[in-house]
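Colleague: Handing you a structure now.
The values are calculated or read from the model by the stated rules, or taken from the named source; none is laboratory data. As the structure is a prediction and not an experimental result, all values here were calculated from the model. Neighbour counts are summed over all protein chains in view; Cβ atoms, including those assigned to glycine, are modelled from backbone coordinates with ideal geometry. Keep in mind that these areas ignore ligands, DNA and RNA; they rest on the heavy atoms of the full protein, side chains included. Shrake-Rupley method; radii C 1.70, N 1.55, O 1.52, S 1.80 Å.
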Amino acid sequence: MAISQKLLDELNRRRQEALAGGGQAKLDARRAKGLMTARDRLEALFDAGSFQEFGMHVQHNCHNFGMEKKVLPSDGIVCGIGLVQGRPVGAFSQDFTVSGGSLGSNHAKKIVDLMKFAGKNGMPVVGVNDSGGARIQEGVESLAGYGQIFYQNVSLSGVVPQVSIIAGPCAGGAAYSPALMDFIIMTRKNANLFICGPQVIKAATGEEASVEMFATADAHAKVSGNIHLVAEDDAHAIELSKKLLSYLPSNNMQEPPHDFTQPITRTYDEELNNIVPSSAREALDVYKVINKIVDNGDFFEIQRDFARNIVVGFARIEGMVVGIIANQPAYKAGCLDIDASDKGSRFIRICNSFNVPIVNLVDVPGFMPGLAQERGGIIRHGAKMLFAYASATVPKITLIMRKAYGGAYLAMCCVDMGADAVYAWPTAEIAVMGAKGAVNVLYGKELKAIEDPAKREEQAEKYRHEYSEKFESPYQAASKGMITDVIEPAETRGALAMALRATLSKRETRLPKRNGNMPV
């Protein structure tokens, strides 16, 4: 017996009601402003025709304040799975046209159910945040919903990649779910991310603070460091999320999407020899090095505008996915400071979570000196770098380009901190401190006794040269087994590629424990 047409009509009616969200007028108004709807965003994310929706017919669970009479299609959130570049991904997108995308108990349950499904089946999660916050009419049940989402964020952490897109308002407790995910992408316009708004700040502290000072994409990208990528609009945010996922495995049991069809060649690129400035006092622009050693100069940088003295991001070298961590001497001389340590250590942990090999490009004069750094906890923050590198079990390949002094030499992953291979250019300087500072410590009294300034400087220069020859030369470190090889800059890409291919099968076990106590 054929299915009743009446039943099919009922199903179609309910589907159309869900697809309409808060109504066609609201959908059209958003699109007229250049904004995507909740379903537009998922349609752009997933490969054509691959989206399978979860919970289309879910309704709100509130019977207070007249809510029992209201219809909230899909309870203000669209959830489901689909393919992104051929790989399964779970995603949710809050629908601002339905009760402002407010979160109630069933809204939260849909997110939690999707995340559990993604965790069990080993697929990444992408969440689009666009919500007015907790649904006041549901009271404490809304707060419970946030708690359940946070718990699931932590449960999935290190298991599957989690990407959050901030495409509208995201305030108060809602801001913590994105913060618990691996990456946050935020649109430059129409999006805000904060715990307390301007009115609350003024009421509590008397401070006048506009949202532009602390809640926008630019503020978070440059000042707080809370977000990882800035998108110009919704479509750009979706494209960035796809690009990001292209460097990551679907889960922690898989390898990244390496391309082993590319042959490993010992290339010789003489332009790299010319990148190194003739004077040690002239800053080396590390972007020029990165662009020469990665495939097609394609470097996907993370947190570009935050802590610019360190550069992190994803790339491929001869088809192999890598995470790159590089000092940037063109900014703050490449010193490690509080923000750089936080940025670097978190990126190390992400790479280690998802089996991404790490390539370290070192040109660091030390940790940033200063009262503000000391009082701000540089010891604790710098220790995060040491902890992250020492606990990481993925392949770690280090290239010392020029300066590598003191604790910062250790914090950028030398052989003693677990590097699997360490290469150095002939320009490398490896020591407890630079020659100038060392001579002042070792010969300061003797030099002060020389009355003639010209003779004093002449003698100091002699000592600096002797110190450099004896202690800073990469051959000194190489003679003690601390350097795998001293190479020409021109040989860098080939040397790194060979070391990466040799270490991709690396397996390392550690003492059993619940977790290490990272100095957070």
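Colleague: Could you tell me which numbered condition Thr427 fails, if it satisfies all but one of (1) more than 28 Å from Arg281 (Cα to Cα); (2) in contact (Cβ under 8 Å) with a residue 60 or more places away in the chain; (3) among the hydroxyl-bearing types (Ser, Thr, Tyr)?
Modeller: (1)
Colleague: Let me ask another. Out of everything in the stretch 229-277 that is in contact with a Ser or Thr (Cβ under 8 Å, 6 or more places away or on another chain) and assigned to a loop (DSSP other than H, G, I, E, B), what residue ends up being least open to solvent (accessible area, probe 1.4 Å)?
Modeller: Filtering first and then ranking leaves Val276.
Colleague: Same structure, new question: Output the number of residues of the stretch 65-94 satisfying the condition of being open to solvent by less than 10 Å² (accessible area, probe 1.4 Å) and more than 23 Å from Arg31 (Cα to Cα).
Modeller: 5
Colleague: In the stretch 413-520, which helices (runs of 4 or more DSSP H) lie fully inside it and hold 2 or more residues that are of a type in the set (D, E, K, R), surrounded by 14 or more Cβ atoms within 10 Å (Cβ to Cβ) and at pLDDT 90 or above?
Modeller: 492-503
Colleague: Same structure, new question: Would you call Pro474 over 37 Å from the mean Cα position of the chain (by Cα) and of a type outside the set (A, V, I, L, M)?
Modeller: When the stated conditions are applied, Pro474 does not pass them.
Colleague: Checking Arg281 against (1) in contact with a helix residue (DSSP H, G or I) (Cβ under 7 Å, 6 or more places away or on another chain); (2) not in a helix (DSSP H, G or I), which single condition isn't satisfied?
Modeller: It is condition (1) that Arg281 fails.
Colleague: With respect to Gly319, is the statement that it is touching a helix residue (DSSP H, G or I) at 6+ places or on another chain (Cβ under 6 Å) and under 30 Å from Ala118 (Cβ atoms) true?
Modeller: In short, no.
Colleague: Then there is this: Name the residues in the stretch 116-137 that are open to solvent by less than 10 Å² (accessible area, probe 1.4 Å) and either over 20 Å from Glu43 (Cβ atoms) or touching a Lys or Arg at 6+ places or on another chain (Cβ under 7 Å) (or both), would you?
Modeller: Correct list: Val128, Gly133, Arg135.
Colleague: If I filter the stretch 80-98 for residues that are out of contact with any helix residue (DSSP H, G or I) (no Cβ under 9 Å at 6 or more places or on another chain) and without any contact (Cβ under 8 Å) to a residue 40 or more places away in the chain, do I get at least one hit?
Modeller: Yes, some residue in the stretch 80-98 is out of contact with any helix residue (DSSP H, G or I) (no Cβ under 9 Å at 6 or more places or on another chain) and without any contact (Cβ under 8 Å) to a residue 40 or more places away in the chain.
Colleague: Just to be sure I understand, how many residues within the stretch 216-228 are open to solvent by less than 30 Å² (accessible area, probe 1.4 Å) and assigned to a loop (DSSP other than H, G, I, E, B)?
Modeller: Summing the residues that are open to solvent by less than 30 Å² (accessible area, probe 1.4 Å) and assigned to a loop (DSSP other than H, G, I, E, B) in the stretch 216-228 gives 4.
Colleague: Quick one: which residue in Gly344, Gly377, Gly406 is open to solvent by 10 Å² or more (accessible area, probe 1.4 Å), out of contact with any Phe, Trp or Tyr (no Cβ under 6 Å at 6 or more places or on another chain), under 21 Å from Val520 (Cα atoms) and of a type outside the set (Ser, Thr, Tyr)?
Modeller: From the options Gly344, Gly377, Gly406, the qualifying one is Gly377.
Colleague: What are the residues in the stretch 87-121 that are within 20 Å of Gly49 (Cα to Cα) and not aromatic (Phe, Trp, Tyr), if any?
Modeller: Residues satisfying the conditions are Arg87, Pro88, Val89, Gly90, Ala91, Ser93, Leu114, Ala118.
Colleague: Same structure, new question: Which residues, counting only those in the stretch 148-161, are more than 15 Å from the chain's Cα centre (by Cα) and not in a helix (DSSP H, G or I)?
Modeller: Val159
Colleague: Can you tell me how many residues within the stretch 304-321 are closer than 21 Å to Ile227 by Cβ and either in contact with an Asp or Glu (Cβ under 7 Å, 6 or more places away or on another chain) or open to solvent by less than 20 Å² (accessible area, probe 1.4 Å) (or both)?
Modeller: 9
Colleague: What residue, of Ser177, Ser164, is open to solvent by less than 60 Å² (accessible area, probe 1.4 Å), part of a helix (DSSP H, G or I) and either at positive phi or of a type outside the set (Asp, Glu) (or both)?
Modeller: Within the list Ser177, Ser164, the selection yields Ser177.
Colleague: Checking Ala44 against (1) in a helix (DSSP H, G or I); (2) in contact (Cβ under 8 Å) with a residue 60 or more places away in the chain; (3) out of contact with any helix residue (DSSP H, G or I) (no Cβ under 6 Å at 6 or more places or on another chain), which test does it fail?
Modeller: Only one criterion in (1) in a helix (DSSP H, G or I); (2) in contact (Cβ under 8 Å) with a residue 60 or more places away in the chain; (3) out of contact with any helix residue (DSSP H, G or I) (no Cβ under 6 Å at 6 or more places or on another chain) is unmet by Ala44, namely (3).
Colleague: Out of the stretch 95-115, which residues are within 24 Å of Ala29 (Cα to Cα), open to solvent by less than 10 Å² (accessible area, probe 1.4 Å) and either at pLDDT 95 or above or in a helix (DSSP H, G or I) (or both)?
Modeller: Selection gives Gly101, His107.
Colleague: If you scan the stretch 23-45, which residues turn out to be within 20 Å of Ile166 (Cβ to Cβ) and either exposed (fewer than 14 other Cβ atoms within 10 Å of the Cβ) or not basic (Lys, Arg) (or both)?
Modeller: Arg31, Lys33, Gly34, Leu35, Met36, Thr37, Ala38, Asp40, Leu42, Glu43, Ala44, Leu45
Colleague: Of the residues Gly22, Gly34, which is in contact (Cβ under 8 Å) with a residue 12 or more places away in the chain and either of a type in the set (Ser, Thr, Tyr) or over 21 Å from His236 (Cα atoms) (or both)?
Modeller: Result of the check over Gly22, Gly34: Gly22.
Colleague: Can you tell me which condition Ile290 does not meet? The list is (1) open to solvent by 20 Å² or more (accessible area, probe 1.4 Å); (2) assigned to a helix (DSSP H, G or I), and all the others hold.
Modeller: With (1) open to solvent by 20 Å² or more (accessible area, probe 1.4 Å); (2) assigned to a helix (DSSP H, G or I) applied to Ile290, the lone miss is (1).
Colleague: Taking Ala204, is it out of contact with any Leu (no Cβ under 9 Å at 6 or more places or on another chain), open to solvent by 50 Å² or more (accessible area, probe 1.4 Å) and assigned to a helix (DSSP H, G or I)?
Modeller: yes
Colleague: Given the criteria of a type in the set (Asp, Glu) and outside any helix (DSSP H, G or I), does Glu374 qualify?
Modeller: The answer is no for Glu374.
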